[in-house]
Amino acid sequence: MSFGPVDRRSFLSGGAGAFICTLAGQKIVSDGPEPDLVALSGGIEVPPKVRAAKWRQLPIAAEPEPAPGGQKREYWIVATQARWNIVPTKRDEMMNKKISDKAKFSGYFYREYTENFGAPKGRVSMPGPVLEAETGDTIVVNFRNDLKVPVTMHPHGVHYTPEMDGAYKGKHTDPGGFVQPGKTFRYVWDCREGTEGVWPYHDHGPLDPMPLYKGLFGFLNIRKKGEPRPDVEHYLVFHSLLTASTGLARGFQCINGRAYTGNTPELRAKVGQRVAQYVTAMGNDFHTYHLHGHRWKSAGGRVVDNETVGPADMLTVEFVEDNPGRWFYHCHVFSHLHEGMSGWYIVEP
Ligand SMILES: [Cu+2]
C-alpha cells in the first residue's frame, strides 16, 4: 500500500497508487487493499436529522407535483450487492488473447423492481436502470437500501430541493443523504422545462466515492416533451474497477462494468437509423471517446471522431448511421484501451 502523492505517471496510467479518499480517518489508494466499508461506516456518526427521521411516515419532505399535462414517473430501486464478472469470456477479442486474471468481485448495484418492490426486473446491471421522463414530469424513486452500508441516490440535471439532493453533508445531512441499511427513502425530482438531457445519477452518501467505484451509478434521460426518440440509444460509462474496490490482484479499465472487447457492451445499429450514444465517465480519470468509421458534431459545432469526457460529464454523440460493418469504439488513452476500455459496434446494412 502506498501513501505517496499522485505523480504524473500514476495519474496517466489510470491512477495506480493514486489517492482516492479518506473515510473515517482511513486513507484509501487505488491499488491498495480493499477497505472494509462496513467497518468504516461504523466509524461515521449518524447525522442528527437522520437519527430523528420518522422513516415510516413517508414522504419526509413536500413532494413537487408534475406540471399540467405532466405525469409522475414512479420507480422502485434497490441498492444491492452481487457477484460480478468483469471479463466473462476470459478473452480480449481486440488483441485475440486470453485474459487469465481473476475478475470476479462483489459489486454494488442499483436494481429496478416492479411496483411496491414486488420482484426484480431482470438481472443486476452496471450502470443501473435508465430512469426516463419528459419535461413537465416528476421522477419518483422509492429507494430501498439492501446493502450493509449507508448509500443514497443523487441526481444530476433535474431540479430538486435540498431534502431530495441525496447527498451526505456532515451534520447538515438530510435523511435522503444517509439512507441506512434496510431503510427506504422516496426521492422526488422535478423534470421542469430546461432539465432536458441525459444525466448521471449516483451514490453521494457518507462513503462516497467508494460505492461508486463498486458500481452505484446510472443514467437519467429527460426528453423534451413531444420530441421524437432516436431510433437507437446507447448508454456507456467509462470507469475503473480498482483493486481498492474489488479486492482483486489488478485493476480493470471498464465500460459498463466489463473490460475488453467481447465483454463490454456490443452496440448495434442499422444503416439509416438515427443513433444517439450517451457517454459519461465515473472515477479519477478523463477519457476520450473514439468511434471508428464515424463522426459527429461536438457541442462546439466542430466535426469530430474523438472527444474528451471527464468525470460525471455527459457526451452526446448523434449521427445517422451510414457505414455498415464491424467497428471499434474505445477510449483513446492508450493504457486505458489496453487495460480493457474498448468494444464492438456492429452496423447491419
Ligand atoms: Cu480512458
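Each value in this text was obtained by applying a stated rule to the coordinates, not by laboratory testing. Bear in mind the structure is a predicted one, so any value in this text is a computation, not a measurement. Ideal geometry is used to build each Cβ from the backbone, glycine not excepted, and the neighbour counts take in all protein chains shown.
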*Residue in segment 62-79 that is farthest from Pro175 (Cα to Cα), counting only those that are assigned to a loop (DSSP other than H, G, I, E, B) and touching a Lys or Arg at 6+ places or on another chain (Cβ under 9 Å)*: Gly69
*Search result, residues across segment 74-115 that are in contact with a Phe, Trp or Tyr (Cβ under 8 Å, 6 or more places away or on another chain) and small (Gly, Ala, Ser)*: Ala79, Ala82, Ala103, Ser106, Gly107
*asked:* Given the criterion within 16 Å of the ligand (Cβ to nearest atom) and within 15 Å of the chain's Cα centre (by Cα), identify the matching residue among Leu212, Leu241.
replied: Leu241
_Residue list for segment 60-83, restricted to those being closer than 30 Å to Leu23 by Cα and not hydroxyl-bearing (Ser, Thr, Tyr)_ = Ile60, Ala61, Trp76, Ile77, Val78, Ala79, Gln81, Ala82, Arg83
*Out of (1) touching an Asp or Glu at 6+ places or on another chain (Cβ under 7 Å); (2) under 30 Å from Leu216 (Cβ atoms), the odd one out for Val271 is which?*
(2)
_Out of the strands (runs of 3 or more DSSP E) lying entirely within segment 244-312, which hold 1 or more residues that are away from the ligand (no atom under 16 Å from the Cβ), on the phi < 0 side of the Ramachandran plot and more than 21 Å from the chain's Cα centre (by Cα)?_
267-270, 274-282
*Please identify the pairs in which a residue from segment 320-341 that is in a loop (DSSP other than H, G, I, E, B) has its Cβ atom under 6 Å from the Cβ atom of a residue that is within 10 Å of the ligand (Cβ to nearest atom) and among the hydroxyl-bearing types (Ser, Thr, Tyr), counting only partners at least 6 apart or on another chain.*
His332/Thr288
